């Protein structure tokens, strides 16, 4: 067993953690498991690819890789736009579907079911537009850098780890130090009381959709950059995202990130010990263990 | 009360109908006028609709008919989160603080409806008024005792200096000693000119501090009058012993 | 020609009826108990593989092939799928309602991995072939074979339908309904909601397993590709179109949706140029997804059925005083 699995696990875990923060925030405020969250990752990646491609058609200099990375300026620009568009997509789905069901007072499980239908439609729409053929942001190849201790990573991978760290700290500060974060935590604990205390609950729901979608978009773009872009990109990550969100404790940002890393590292370890074909079962095993031993997760509050 | 007729009521409901299902209203046409500076207590047997009545006024229970006016402004359709800025503060019966936020965060959250520059001063003023809360402001509110929780809930509601505060059974679950502390606090708040509306089960204690009382039965006002006069009125015993209404009470009490 | 058409009709209807069995299983979980199962494909797959392993002739490169009678295979399918559902339910039913959904989603992923990777038992990606078909002796005459199978499947569906209707009217069914309408009142009467829910979930899973076995034996071979998430979606669409809570609706919905699916698939392969076919079939799935959401928004009680469903949105009164 080479120590490289630690690096692989960290990178996979960073992407899972970032996505799981979105799941945990939307879950804690919207109060249902959103099966369409994975599709926000996929849509983020495809939107960034389409925008980056369009930028490249206008100016080829923006496609020239920024050393030492594999991509040109078109990708960072596209990322910003894709974050906005993914956020708008989530708001649109909420306005058309979830918001209406919520106002009608539908049971949690109806919302779960609607998210299931939305996930199906959104994923197949990507397949319809882009086909199921894998796509890539760039064709440039990267050489892994030796980091010592037997670890290697490409500059893209290191950049993704750094970006994840920045994003996690930013979200954590937003939740703990700002008025918006306080309001979000209040809504997550008791929406009715939050309303009485003057918090505009509907606005907070829009904020959390946008935030969750933005994080999903970043996670999707990173997955696309480090692996490949497929319509099933998000769907295949959904179980790890749920497992991480529940393991971390619903509503806990640091919990989701830590749990994401645990899931990623366990997957990498399983690939080493059991074989790559069993990777997808790791999240399920973790989920079962959490539900058996501590259903509220590492940092969750008791139900 | 005749002298107050010409002044604008602090709160007025007209033919208010409210409840969770439109075809099964719990509040069935309530006309109530509260003069500025009153300390009004709303009494009534279990399931009479007292709680739904004040929740409807606060915007957390659906209104199906009638109107609510606050100091002359119609607030019937104003969403719950805007009522606090209009000067109506509401303290629910249970879960009336954010247990996962610190004491200070509870107050900061409530202060967010105020302009930024005045927030720290208002919070400081409340700490002066409720010194118990100032002892450890960074403690999680969930760790507070029952009486302290009630203090924090009231402090939270008072942050905007509202002309009217409505409390849903502030004495529920508290020991008699704490109840009298809470009621003294309400009297002090009332003495500063704030109109107070109180839903209570603790009839005797509430009538001692109230200026006026109304009795709700089956979603309608059955009786109203000066609090002191009501203390000895046999109607109280009759309503609370439930003669003639027992069947209805038990049915409503079973609602989940 | 007309005989061929008749044989095809019988084939189509038999397939539709195997879906109807799954739909009946889902109906007891969702329609009657309000439990959301996102892993239907997993329970169907378990049933199909268990029955296939039990009944196929011994095969050198694969474990088993026990050559047992088909009826034993079906029984095994029911038991193992039911047990799997019971385990998943026992793990999650006492938790939040959507944890069950997440767990069943995980089961679907894991079962798919198992059938792909435990090659010595499941044949891996190639699946299992030579599954004995009921009335295999009639294979020389396609029409007689198809009709005999149709009759058998119809008998299974009818039997299940009657049994489930009986169950719904039995004291057990009444308790289940009481729990769904008012859990707290039911608890007060001394009924333990969790136990009843768990039983309903296990029975539903067992029925899905039976559906998998019946379908596997009818087609004669099975492979992991038959049990992708799309199967789960299809069964959901069937139940929602039929109106959940209603067994007749479940059967009708299965036939209707399977008919629509087969028809549009046939239209796609007939009229769409080959290079665009993948695209067209993804559009078909977009339509199902959007349709599902539209029904939830517009006709929460289903299109055909009038069964009482937990779908109808109702604000639960918060504790009043």
Test residue A:192 against the stated conditions and say whether it is surrounded by fewer than 24 Cβ atoms within 10 Å (Cβ to Cβ) and more than 14 Å from chain B (Cβ to nearest Cβ). no
Is there a residue being closer than 26 Å to residue B:205 by Cβ, in contact with a helix residue (DSSP H, G or I) (Cβ under 8 Å, 6 or more places away or on another chain) and not in a loop (DSSP other than H, G, I, E, B) anywhere in segment B:45-57? no
State whether the residues of segment C:72-86 include one that is within 12 Å of chain A (Cβ to nearest Cβ), part of a helix (DSSP H, G or I), touching a helix residue (DSSP H, G or I) at 6+ places or on another chain (Cβ under 9 Å) and surrounded by 23 or more Cβ atoms within 10 Å (Cβ to Cβ). no
Filtered residue count, segment A:107-125, keeping only those that are within 7 Å of chain C (Cβ to nearest Cβ) and either buried (at least 23 other Cβ atoms within 10 Å of the Cβ) or within 19 Å of residue C:299 (Cβ to Cβ) (or both): 12
Could you please let me know if residue B:107 is part of a helix (DSSP H, G or I), within 22 Å of the chain's Cα centre (by Cα) and more than 12 Å from chain A (Cβ to nearest Cβ)? no
Residue in segment C:87-99 that is closer than 28 Å to residue C:62 by Cβ and within 14 Å of chain A (Cβ to nearest Cβ) present: yes
Among the residues of segment B:139-167, the number that are over 20 Å from the mean Cα position of the chain (by Cα) and either in a helix (DSSP H, G or I) or within 12 Å of chain A (Cβ to nearest Cβ) (or both) is 4
Quick test of your reading of the structure: residue A:236 fulfils all but one of (1) in a helix (DSSP H, G or I); (2) at pLDDT below 95; (3) more than 10 Å from chain C (Cβ to nearest Cβ). Name the failing condition by number. (3)
With the checklist (1) farther than 18 Å from residue B:147 by Cβ; (2) in contact with a helix residue (DSSP H, G or I) (Cβ under 8 Å, 6 or more places away or on another chain); (3) surrounded by 21 or more Cβ atoms within 10 Å (Cβ to Cβ) in hand, flag the one item residue B:206 doesn't pass. (1)
Could you check how many residues of segment A:202-233 are out of contact with any helix residue (DSSP H, G or I) (no Cβ under 6 Å at 6 or more places or on another chain) and within 14 Å of chain C (Cβ to nearest Cβ)? 2
Based on what the data block shows, is residue A:88 at pLDDT 95 or above and more than 13 Å from every other protein chain (Cβ to nearest Cβ)? yes
Residue B:90 facing another protein chain (nearest Cβ under 8 Å), touching a helix residue (DSSP H, G or I) at 6+ places or on another chain (Cβ under 6 Å), within 27 Å of residue B:142 (Cα to Cα) and part of a strand (DSSP E or B): yes
Across (1) part of a helix (DSSP H, G or I); (2) more than 14 Å from chain C (Cβ to nearest Cβ); (3) modelled with pLDDT of 90 or more; (4) out of contact with any helix residue (DSSP H, G or I) (no Cβ under 6 Å at 6 or more places or on another chain), residue A:160 clears everything bar (4)
Under 8 Å between Cβ atoms, at least 6 apart or on separate chains: pull out the pairs that start in segment C:213-235 with a residue that is within 14 Å of another protein chain (Cβ to nearest Cβ) and end on any residue that is in a strand (DSSP E or B) and surrounded by 21 or more Cβ atoms within 10 Å (Cβ to Cβ). none
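The values are calculated or read from the model by the stated rules, or taken from the named source; none is laboratory data. Values in this document were obtained by computation on a predicted structure and should not be read as measured data. As a convention, Cβ positions derive from the backbone with ideal geometry for all residues, glycine included, and neighbour counts pool all protein chains shown.
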